[in-house]
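Here is the structure we will look at, set down as C-alpha cells.
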Amino acid sequence: MNVRYRVELSQTERAQLSALLGGGKHAARKLKRAQILLAADAGVSDDEIAASIAVGGSTVYRTKRRFVEGNLEAALSEEPRPGAARKLSGRQEALLVATACSSPPAGRARWTLELLADAMVELTEHEGLSRETVRRRLAENDLKPWRRDMWCIPQVDGTYVARMEDVLDLYAEAPDRKRPVVCFDESPTQLIGEARQPIPAQPGQLGRYDCEYRRNGTVNLFIFLDAHRPWRKVKVTDHRTACDFAQCMRDLVDVHYPQADLVRVVLDNLSTHSPGALYEAFPAPEAHRLLRRLEFHYTPKHASWLNMVEIEIGVLRRQCLDRRIGERDRLVSEIAAWEQQRNAAGARINWMFTTDRARTKLARAYPDPNKES
C-alpha cells in the first residue's frame, strides 16, 4: 500500500471533524471518513485504522489521498459512482409524484406501476420506462398510490373541542367514590365454532386447526370500565337495543355503584345512548330515578379513541377472544375469568392525553387567542 500521503489537520479542521462526530444526523460513510482522518492525523498506522474502524485498507488510502490532493470537503464527500444516470430528472420525478397522487384513469380503481410507467411515457420524451424505475422513485418519496387507509376524519370545531375537553377533565379529576367516572361501550362478537376437532401441539409439531369453521350467530358485549380504579365489567347480551342499554344503566346505578351519588358515564354518540332509552324501557318514575343518578358525557363524533374503554376492548380481544369460541355459555365463562384476573391484578389504563396536550396538538381548532375576550 502506498503510504506517501500524510494527513496533517489544522486546529480548525480537527474541531470541524470533532463536531461532525459529536452529534447530528450524517451518513455512516462520512462519519467513518472523519474517524480515518482524525486517526491518521494522530499518527495511527493504516492497518490499525482499518481494523479499528472496520473498513478496508483501500478506503483508508483513498480518504487520505483525497485530503492531501484536495481538501477536507473532498475527503468527506462521495465520489461519483459508476453506472448509468438516473432515468428521470428532478422535474420528471416531481411529475411522477403528482401523477401518482392524482385520480387514476377512467375505468381503473387505482394507479399501478405499469399505469404510471405508461403515463410517464406519454407525458415525457422517454420512449419506455420500466416499472422498477417507477417503483424506486416512488419508494424514495415514501409513496404507494395503490394503498389506502380507511380513517374517520373528524370535523374539528368548537363542538369537538368542548366535548373533548369535557372528557379529558373527567379523566384528570381525583378519584371520588361518590362521583365515579365510568367509560362505557359495546362490541359485537361472532360465535365461531370448530368444524373439526383441532390437533393439540406436540414437541416439534405446531398445533393445527381446520380452515373450515361454523358460524353460530353473534352476541353483543357491553363493557364498563372505571376510569380511576382497576375495575371493569363485561355483560354479554343477545342484542344491543335501547332497552339493553337501559338495563346496563340500571345495573350501573343499582348493582355496581349503589353507594354513589352520581355516576358520570363517558360514551359515544350511538343513537341508543340517550336518556330517552330509559323512558322506553322503564316506567317514567323508574327512568326518572335512574337519570337523577346518571350524568352522560359524550365523546366528539369520530373520536371514540377518547373513550378509555376502547383500549380495554382491544385488550379483551387480544388476551381472551383471539380464538374460536362457538358456544355462548363458554364465551360468558371465558370472559368472566379474564375479567376476574384483570380486576385482581389491578390492571388500569395509563391515560396520557391531557387537556394541555390537546391544546398543543389541536391548536388549529381552538379560538384565536388574539381575539378580544
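Comparing mean-square fluctuations of Gly314, Gly276, Gly43 from a GNM of the chain with C-alpha springs under 10 Å, the top value falls on Gly43. Taking 1.306 mPa s as the viscosity and 10 °C as the temperature, the Stokes-Einstein diffusion coefficient of the chain based on its alpha-carbon Kirkwood radius rounds to 57 µm²/s. Comparing Arg65, Arg215, Arg163 in a Gaussian network model of the chain, where Cα atoms under 10 Å apart are tied by springs, the biggest mean-square fluctuation is seen for Arg65. Spatially close Lys pairs in the chain, defined by Cα atoms under 30 Å apart and a spacing of eight or more places or different chains, total 18. Computed over the Cα atoms of segment 255-307, the ratio of the radius of gyration to the Kirkwood radius (Rg/Rh) comes to 1.01.
The helix-only estimate of mean residue ellipticity at 222 nm for the chain, built from DSSP H runs of length n ≥ 4 each weighted as -39500 (n - 2.57), is -13000 deg cm²/dmol after division by the residue total. With both labels modelled 7 Å from their Cα along Cα-to-Cβ, the Ser52 to Val255 distance reads 7.3 nm.
Structure remark: mean-square fluctuation, Gaussian network model of the chain, C-alpha springs under 10 Å; the largest value among Glu173, Glu69, Glu122 belongs to Glu69. Computed about its Cα centre, the charge dipole of the chain is approximately 740 debye, with only Lys, Arg, Asp and Glu carrying charge at their Cβ. The stretch between His228 and Ser77 holds 48.6 nm of extra length on full extension. This uses 0.36 nm per residue minus the Cα-Cα distance.
Here the label points at Ser18 and Arg108, each 7 Å from Cα along the C-beta direction, are separated by 5.8 nm in the simple model.
Would you mind computing Rg(Cα) / (2.2 N^0.38 Å) for segment 238-369, counting N as its residues?
Working it through for segment 238-369, the quotient is 1.28.
Annotation for Ala336 and Cys211: the two label points, set 7 Å from Cα along the Cα-Cβ direction, are 3.8 nm apart.
As a length-normalised measure over Cα pairs under 8 Å and 6 or more apart, the relative contact order of the chain settles at 14 percent. Averaging the Cα positions of each part gives two centres, and for segment 92-171 and segment 261-337 these lie 37 Å apart.
FYI, it's all coordinate maths here, none of it is from the lab. Just so we're clear, the structure is a prediction, and the values are computed from it rather than from any experiment. FYI the Cβ positions are ideal-geometry reconstructions off the backbone, even for glycines, and counts take in every protein chain you see.
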